[in-house]
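The values are calculated or read from the model by the stated rules, or taken from the named source; none is laboratory data. Predicted model only: the values in this text are computed from it and were never measured. Neighbour counts are summed over all protein chains in view; Cβ atoms, including those assigned to glycine, are modelled from backbone coordinates with ideal geometry.
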Amino acid sequence: MNHTLTCTEPGHFQYSEDLAVQVAAGQSLLRIRRIGVCGTDLHAYEGTQPYFQYPRILGHELAGELIGGDIPTGFHLGQAVTFIPYFHCGQCIACRSGRTNCCAQLQVFGVHIDGGMREQVAVPSWSLIAGDGLSFEELALVEPLAIGAHAVRRAQIQAGEYALVIGAGPIGLGIIEFAHLAGAKVIALDVNPARLDFCSQHTQAALVLNARDPEVLEKIRDFTQGDMPTVVFDATGSLPAIQGAFAYMAHGARYILVGLQKGDISFSHPEFHKREGTLMSSRNATREDFENVLHAMRSKQISPLQFITHRVGFAEAAEQFPGWLKPEELVVKAMIEV
């Protein structure tokens, strides 16, 4: 039997025992070992995730063992793997230009289709990523780090630039690390004192500030020697934070929206226009980003295991999940062991 945890509706999980997984041609069968819990999962549970339908098996930050189905060249049974959970069509304008992360027909595992909060899953063989010495916990962190790596690659950071990262959650932490590797002087901004403390202790941010500080704008201006940041990332998905961040842009700056929220955004056209600002979104990641993360982890340029603050067994996950939404729980990254 395949034990499964399903989010049946906002605020409710249900365990079940399903029949053995059916493996189609071109699919590989994985025994899931670790499930990282991300903001998408938490938002789905509380009913605030865009593009979402219930019931849904959550989970797309995954690591497991290759136990059957199609075994691609270079892989073997029993191998530790992760995979790219963005299933693309291969035919649309985005796919034809190599931008499979924003495929017009994209199906994200655990979002648009059922995901990995279960003991076994079948995934497209092309999506596999070899572990090659990394632990299950490290492999389960590759996907969220790839999102940050992709955002930084979109920004095309030049060495010495000032980059502002708004939101010090797991995605923001990854952006901070990869922006630093790209040569930026990174400013981290959040409203949660515990996350700011965590950021100060465990990241390469050069300056850590509370967004509620009445002098935050002046402190950013002073730190950037009057210029303001030339790269701004939003990793909050908060409408007030997204709209407020336009004020932090230098003239000629790029603003990259990584977080996602449901509503419209608005900003002063004259202020944005006179800066000749660039506004872009960053969605998911590509294989190139996954490979960049794997290289950074294997070469010890980043040490993401420190981001895991909560660990729980699969049988206890439903009970523990609501607490991870509470700020006082001080969750950075929760990891489920299967």
> Of the numbered conditions (1) in a helix (DSSP H, G or I); (2) surrounded by fewer than 20 Cβ atoms within 10 Å (Cβ to Cβ); (3) touching a Leu at 6+ places or on another chain (Cβ under 7 Å), Glu328 satisfies every one except a single condition; which is it?
Replying inline: (3)
> Restricting the search to the stretch 27-47, which residues are touching a strand residue (DSSP E or B) at 6+ places or on another chain (Cβ under 6 Å) and surrounded by fewer than 19 Cβ atoms within 10 Å (Cβ to Cβ)?
Replying inline: Arg31
> Which of the residues that make up the stretch 20-55 are farther than 20 Å from Pro124 by Cα and hydrophobic (A, V, I, L, M, F, W, C)?
Replying inline: Val37, Cys38, Leu42, Ala44, Phe52
> If only one of Gly68, Gly98, Gly36 is modelled with pLDDT of 95 or more and within 16 Å of the chain's Cα centre (by Cα), which one is it?
Replying inline: Gly36
> Can you name the condition, by its number, that Phe267 falls short on among (1) at pLDDT 95 or above; (2) part of a loop (DSSP other than H, G, I, E, B); (3) out of contact with any Phe, Trp or Tyr (no Cβ under 6 Å at 6 or more places or on another chain)?
Replying inline: (3)
> Which pairs do you get when a residue that is over 14 Å from Glu65 (Cα atoms), found in the stretch 27-39, comes within reach of a residue that is of a type in the set (Phe, Trp, Tyr) and outside any strand (DSSP E or B), reach meaning Cβ atoms under 7 angstrom, with the pair 6+ apart or on two chains?
Replying inline: Val37/Trp324
> Among the residues of the stretch 237-252, how many are in contact with a helix residue (DSSP H, G or I) (Cβ under 7 Å, 6 or more places away or on another chain) and under 13 Å from Val165 (Cβ atoms)?
Replying inline: 1
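Of the residues Ala241, Ala317, which is buried (at least 19 other Cβ atoms within 10 Å of the Cβ), assigned by TED's automatic domain parsing to the domain that holds Gly169 and either over 23 Å from the mean Cα position of the chain (by Cα) or on the phi < 0 side of the Ramachandran plot (or both)? So that I can check it myself, show each step before the final result.
Working: Ala317 fails: assigned by TED's automatic domain parsing to the domain that holds Gly169.
Being buried (at least 19 other Cβ atoms within 10 Å of the Cβ), assigned by TED's automatic domain parsing to the domain that holds Gly169 and either over 23 Å from the mean Cα position of the chain (by Cα) or on the phi < 0 side of the Ramachandran plot (or both) holds for just one of Ala241, Ala317, which is Ala241.
Can you say whether Val312 is surrounded by fewer than 20 Cβ atoms within 10 Å (Cβ to Cβ), within 27 Å of Leu5 (Cβ to Cβ) and hydrophobic (A, V, I, L, M, F, W, C), as far as the supplied structure shows?
Details: surrounded by fewer than 20 Cβ atoms within 10 Å (Cβ to Cβ): yes; within 27 Å of Leu5 (Cβ to Cβ): yes; hydrophobic (A, V, I, L, M, F, W, C): yes.
Answer is yes for this residue.
Condition check ((1) in the same structural domain as Ser16 (by TED's automatic domain parsing); (2) polar (S, T, N, Q); (3) closer than 29 Å to Ser16 by Cβ) across all residues:
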{"residue": "Ala104", "(1), (2), (3)": "yes, no, no"}
{"residue": "Gln120", "(1), (2), (3)": "yes, yes, yes"}
{"residue": "Val152", "(1), (2), (3)": "no, no, no"}
{"residue": "Leu164", "(1), (2), (3)": "no, no, no"}
{"residue": "Gly183", "(1), (2), (3)": "no, no, no"}
{"residue": "Leu189", "(1), (2), (3)": "no, no, no"}
> Wholly within the stretch 32-134, which strands (runs of 3 or more DSSP E) include no fewer than the required count, namely at least 1 residues that are touching a Cys at 6+ places or on another chain (Cβ under 9 Å)?
Replying inline: 61-69
>> I'd like the full set of residues that are over 19 Å from Asp234 (Cα atoms), out of contact with any His (no Cβ under 9 Å at 6 or more places or on another chain) and of a type in the set (D, E, K, R), limited to the stretch 260-316.
In response: Arg287, Glu291, Arg298, Lys300, Arg311, Glu316
